[in-house]
Amino acid sequence: MKCDLHVHTIHSGMCTVPIFKRICRESYSHPFELYDTLKQRGMDLVTVTDHDSIDAAEALRRHADFFLSEEVSCRTSRGTELHVGVYDIAEYDHSELQRRRGDLVSLFSYLDERGLLYSINHVYSGLTGPRAESDFDEFAARFPAVETLNGQMLAVANRHARDFAARNRKIAVAGSDAHTLTSLGRTYTQVSGARTRREFLEGLRRGGTVTVGESGNYAKLTRAVLEIACDMMHEQRWTFLLTPLLAGVPLVILANLALETAFAHKWGRRTARLVEAARAPCALERA
């Protein structure tokens, strides 16, 4: 069975870009459009991982092949912002996740007590801010799953995430991270042998996953930004006055991808070296 484990709808709130955060949404995809698109693209199950919201559930709970998830925004013990995918939650879990998201220890305690599967998303991306070596130690110690294939992240970031998960024996999950309908279902998680929603989720928790699909690239990300901009203008007609700014989108995306590539290489190599350094004394002792 297949499921795209990282998708967004109009309920994901406003974008985080300083100039546009009051006028532009993270996504303009409506839940019913998202559901229909995912089914057309071969997904056996459908979930939604909106930012700190479960409002999409109202439109989708009638579908037997839907389960509720959420992408929780929180911070590490040193203040680093991160996004945590939490899968197959009940609606009452949402209130607790939001209440505890400012205290990562309390959040982990609740997730573990409830037996919920959770992942660290886009771990080698700088979009949520800087990282420190202690952050990766915390990721390795606390998270049972790692998003190893994200449809909006560059291949180099996904490769380092995959290596990180393998080194630390984490469950690998994948999703499109689609904020528009175009990218939905192009990247997904597969659990072979599962025939029902329950079997898929059990296989997910056991780590019986295969990550399938594409990474992000320049053309894909540029198209997504332009699509969101067009949707913004359709919703708020006065923003057509901002149309000249769209000419700068390709250059902004190019600059951002250069920064993302440098970030992924920096932390991918550094975390690999840290593991090698930690293993060296053990190798000497065995010798």
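The values are calculated or read from the model by the stated rules, or taken from the named source; none is laboratory data. Note that the structure is predicted; figures quoted are calculated from it, not measured. Note: ideal-geometry Cβ built from the backbone for every residue, glycine included; neighbour counts use all protein chains shown. Surface areas here come from the heavy atoms of the whole protein model, side chains and all, with no ligands, DNA or RNA. Shrake-Rupley method; radii C 1.70, N 1.55, O 1.52, S 1.80 Å.
Which whole-Hz couplings ³J(HN,Hα) result when phi for each residue of segment 36-49 is put into the Karplus expression 6.51 cos²θ - 1.76 cosθ + 1.60, θ = phi - 60°, listed in order with x for Gly and Pro?
Ordered by residue, 3J(HN,Hα) equals 4, 5, 5, 5, 5, 9, x, 6, 7, 10, 10, 9, 10, 10 Hz.
So for each of 243-255, 42-54 I average, over its residues, the number of other beta carbons within 10 Å; can you give me the resulting order with the highest mean first?
Top of the packing list down: 42-54, 243-255.
Would you work out if segment 117-164 is rounded, prolate or oblate? Take a ≥ b ≥ c from the square roots of the eigenvalues of the alpha-carbon gyration tensor; rounded if a/c is under 1.5, else prolate when a/b is larger than b/c, oblate otherwise.
Judged from the Cα gyration tensor, segment 117-164 comes out oblate (a/c at least 1.5, b/c at or above a/b).
At most 14 other Cβ atoms within 10 Å and a DSSP loop assignment: could you name the trypsin sites (Lys or Arg not before Pro) in segment 119-170 that fit?
Passing both the DSSP loop test and the Cβ count: R169.
Charges at C-beta only: +1 for Lys and Arg, -1 for Asp and Glu. How large is the resulting dipole of the chain about its Cα centre, in Debye rounded to 20?
Using Cβ point charges on Lys, Arg, Asp and Glu, the chain gives about 800 debye.
I'd like to check one number: the per residue accessible area of the chain, probe 1.4 Å, reported in Å² as a whole number.
48 Å²
Please give every one of the lysines within straight-line cross-link reach of K21, meaning a C-alpha to C-alpha distance under 23 Å, and leave out same-chain neighbours fewer than 8 residues apart.
Cα-Cα hits under 23 Å: K220.
Please work out how much length the chain gains when fully extended from W238 to A219, using 0.36 nm per residue of separation minus the C-alpha to C-alpha distance, in nm with one decimal.
4.1 nm
Can you list residues whose amide H is under 5 Å from I89's amide H, if they're 5+ apart or on another chain and H is modeled 1.01 Å from N?
Here L68, S69 satisfy the definition.
Which value results when the Cα radius of gyration for segment 159-207 is divided by 2.2 N^0.38 Å?
Dividing the Cα radius of gyration by 2.2 N^0.38 Å gives 1.33.
So what are the ³J(HN,Hα) numbers for segment 230-237, from phi and the Karplus equation (6.51, -1.76, 1.60; θ = phi - 60°), rounded to whole Hz, Gly and Pro as x?
So the J values, rounded to whole Hz, are 5, 5, 4, 5, 5, 6, 10, 4.
Place a +1 charge on the Cβ of each Lys and Arg in segment 107-212 and a -1 charge on the Cβ of each Asp and Glu, then give the dipole magnitude about the Cα centre in debye, rounded to the nearest 20.
It works out to roughly 440 debye.
Dipole magnitude of segment 163-217 about its Cα centre, charges +1 at Lys/Arg Cβ and -1 at Asp/Glu Cβ only, in debye to the nearest 20?
Dipole about the Cα centre, nearest 20: 300 debye.
Measure of size requested: the Rg and Dmax of segment 39-172, with Cα atoms as the atom set and Å as the unit; please supply both.
14.9, 44
Search the structure for amide H atoms under 5 Å from the amide H of A145, placed 1.01 Å from N in the peptide plane, and list their residues when 5 or more places away or on another chain.
It is Y118, I120, I171, by chain and number.
Give me, ordered by chain and number, the residues 5 or more places off L154 or on other chains with an amide H under 5 Å from its own placed amide H.
For L154, whose amide H was placed from the backbone, the distant partners under 5 Å are G216.
For the charge dipole of segment 106-236, defined by +1 on Lys and Arg C-beta atoms and -1 on Asp and Glu C-beta atoms about the Cα centroid, which residue among S215, F139, I171 has the Cα displaced farthest towards the positive pole?
My answer, from the dipole projection, is I171.
Report the calculated FRET efficiency for Y92 and T182 (r = Cβ-Cβ distance, R0 = 45 Å), to the nearest 0.05.
0.85
Report the dimensions of segment 44-123 along its three principal axes from the alpha-carbon atoms, largest first, rounded to Å.
40, 25, 19
So what is the 222 nm mean residue ellipticity for the chain from helices alone, if each DSSP H run of at least 4 adds -39500 (n - 2.57) and you divide by all residues, rounding to the nearest 500 deg cm²/dmol?
-14000 deg cm²/dmol
Can you list, largest first and rounded to whole Å, the semi-axes you get for segment 152-287 by taking the square root of 5 times each eigenvalue of its Cα gyration tensor?
Values for segment 152-287, descending: 37, 24, 9 Å.
At 37 °C and a viscosity of 0.692 mPa s, what translational diffusion coefficient does Stokes-Einstein give for the chain, taking Rh as the Kirkwood radius over Cα pairs? Give it in µm²/s as a whole number.
Value of D from the Cα-based Kirkwood radius: 168 µm²/s.
Can you bin segment 196-263 into rounded, prolate or oblate? Criterion: square roots of the alpha carbon gyration tensor eigenvalues sorted a ≥ b ≥ c, rounded for a/c under 1.5, prolate for a/b above b/c, oblate for the rest.
Verdict is oblate for segment 196-263.
Please report the carbon-and-sulfur percent of the accessible area for the chain; probe 1.4 Å, protein heavy atoms only, DNA, RNA and ligands left out.
Carbon and sulfur atoms account for 55 percent of the accessible area of the chain.
Hey, what do the phi angles of segment 240-250 turn into as Karplus ³J(HN,Hα) couplings, whole Hz, using 6.51/-1.76/1.60 and θ = phi - 60°, x for Gly and Pro?
Working through the residues one at a time gives 4, 5, 8, 3, x, 5, 4, 4, x, 4, x Hz.
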